[in-house]
1. For the stretch 257-279, how many residues are crowded, with 16+ Cβ neighbours inside 10 Å and free of Cβ contacts under 8 Å to residues at least 60 places away in the same chain?
2. Conditions first: (1) at pLDDT below 80; (2) in a helix (DSSP H, G or I); (3) within 28 Å of Leu138 (Cβ to Cβ). Thr29 passes all but one, so which condition is the exception?
3. Return the residue satisfying two criteria in turn: it lies in the stretch 117-127 and is open to solvent by 40 Å² or more (accessible area, probe 1.4 Å) and free of Cβ contacts under 8 Å to residues at least 60 places away in the same chain, and of such residues it is nearest to Asp77 (Cα to Cα).
4. With respect to Gln239, determine if the residue is modelled with pLDDT of 90 or more, open to solvent by 20 Å² or more (accessible area, probe 1.4 Å) and under 21 Å from Pro193 (Cα atoms).
5. What is the number of the single condition among (1) closer than 21 Å to Thr206 by Cα; (2) β-branched (Val, Ile, Thr); (3) over 24 Å from the mean Cα position of the chain (by Cα); (4) in a helix (DSSP H, G or I) that Thr316 does not meet?
6. So Ile196 clears everything in (1) open to solvent by 50 Å² or more (accessible area, probe 1.4 Å); (2) under 22 Å from Asn327 (Cα atoms); (3) in contact (Cβ under 8 Å) with a residue 24 or more places away in the chain; (4) not aromatic (Phe, Trp, Tyr) except one condition, right? Which one?
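The values are calculated or read from the model by the stated rules, or taken from the named source; none is laboratory data. Source: prediction; values computed, not measured. As a convention, Cβ positions derive from the backbone with ideal geometry for all residues, glycine included, and neighbour counts pool all protein chains shown. Surface accessibility is based on the protein's heavy atoms, side chains included, excluding ligands, DNA and RNA. Shrake-Rupley method; radii C 1.70, N 1.55, O 1.52, S 1.80 Å.
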Amino acid sequence: MRSKRQRVFTFIFLSIILGVMLSGVVLITASNLIHNKQQNQIQLVEQFTYSNLGDNAKLLSKQLRAAVELEFLTITDNSGNVLYRYIQAEGKLPLITPILKRFSLYTEPTSLISSNGELYIEFHSSYDEFLQPFTGLLFFMFLAPSLILGLNSIFKTNKIMNNSLSGQESGNKYQNVDDQQVRDKLTGLATGPLFIKYFEQMLSDTQVNQSGYFVLIRASQLEYLNFNLGYPAGDRYIQLIGSAISTQLIKHPTEQAFKLNAFDFGIMLPSYSKQQCDTLINHITEHFTDSFLEQDVSAKLGVAALPYDNKTSLTTLLSLADTQANN
């Protein structure tokens, strides 16, 4: 009985910890996106402000209301007189909004002064519609570990109850379903969960000297493309990177490539030297650069290449790769 209680406690503890971690990823992602959106909107407001040569508050307010989704907007003169004020009607906020505010991840109001110094503009953008989908994603990420661990326990129980032959057939069936569920829709590459499974299985074989290079390729222009040219342009960008990687994998079947998350690709290169690793990276980046024809957008990708062996920690490897890819 005690052993069963321990298993239940471990299940609950791991579910909560993993749920909190995944929810944190959603919160940080949402925060980064709205801060980037805020910077774009600040630049837009500045353009309208500087082009309003006569400091016409009425004209400026109409332009800003039409161009920017606003939570509030106040325009005053240099004597403090309120020339225009707008406050968004109160509505039901997305649940993620107060959570972002609670952890100081939300944006702050912005103040600007017109080029002639006669108008003072204070505003804050509204992100209600933008953040609405993140609320559902937040709940899903928090509950996902419980569902995954629970299903994993059920599958293990069924496997024990079945005989050897049926258990093997069932295991093959579940493996095929899992492979379908963790394939990235845009690139067809295996995703993060399979990468973790692959890495752990590789290191668990202590009888073989595992060594090589891990390459992380980051889609550094994805946010810019999504916000400025639309999500179809961002999807096409990801597909071209995936195609450049897949083309090299066909030539080198010992390599393993994964779509780790929205921005990052990971490639495992067993028994590769540093020179071989650099050559492969050059081939991938050259292939992508030739196919990426978007004007006024840099084709440079974030790249990190790190060696690994049997003693390498996956957490440390990913952390170092993340830092190197940002440089």
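1. Total meeting the criteria: 3.
2. Condition (1) is where Thr29 drops out.
3. Just the residues of the stretch 117-127 that are open to solvent by 40 Å² or more (accessible area, probe 1.4 Å), to begin with: 118, 120, 122.
Still in the list and also free of Cβ contacts under 8 Å to residues at least 60 places away in the same chain: 120, 122.
On the way: Tyr120: 6, Glu122: 12 Å.
Among those residues, the one meeting the criterion is Tyr120.
4. Values: modelled with pLDDT of 90 or more: yes; open to solvent by 20 Å² or more (accessible area, probe 1.4 Å): yes; under 21 Å from Pro193 (Cα atoms): yes.
Against the criterion (modelled with pLDDT of 90 or more, open to solvent by 20 Å² or more (accessible area, probe 1.4 Å) and under 21 Å from Pro193 (Cα atoms)), Gln239 qualifies.
5. If we test Thr316 against (1) closer than 21 Å to Thr206 by Cα; (2) β-branched (Val, Ile, Thr); (3) over 24 Å from the mean Cα position of the chain (by Cα); (4) in a helix (DSSP H, G or I), just (3) comes out false.
6. Answer for Ile196: the failing condition is (2).
Condition check ((1) part of a helix (DSSP H, G or I); (2) among the basic types (Lys, Arg); (3) surrounded by fewer than 17 Cβ atoms within 10 Å (Cβ to Cβ)) across all residues:
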{"residue": "Gln41", "(1), (2), (3)": "yes, no, no"}
{"residue": "Leu44", "(1), (2), (3)": "yes, no, yes"}
{"residue": "Leu64", "(1), (2), (3)": "yes, no, no"}
{"residue": "Tyr86", "(1), (2), (3)": "no, no, yes"}
{"residue": "Thr97", "(1), (2), (3)": "yes, no, no"}
{"residue": "Tyr106", "(1), (2), (3)": "no, no, no"}
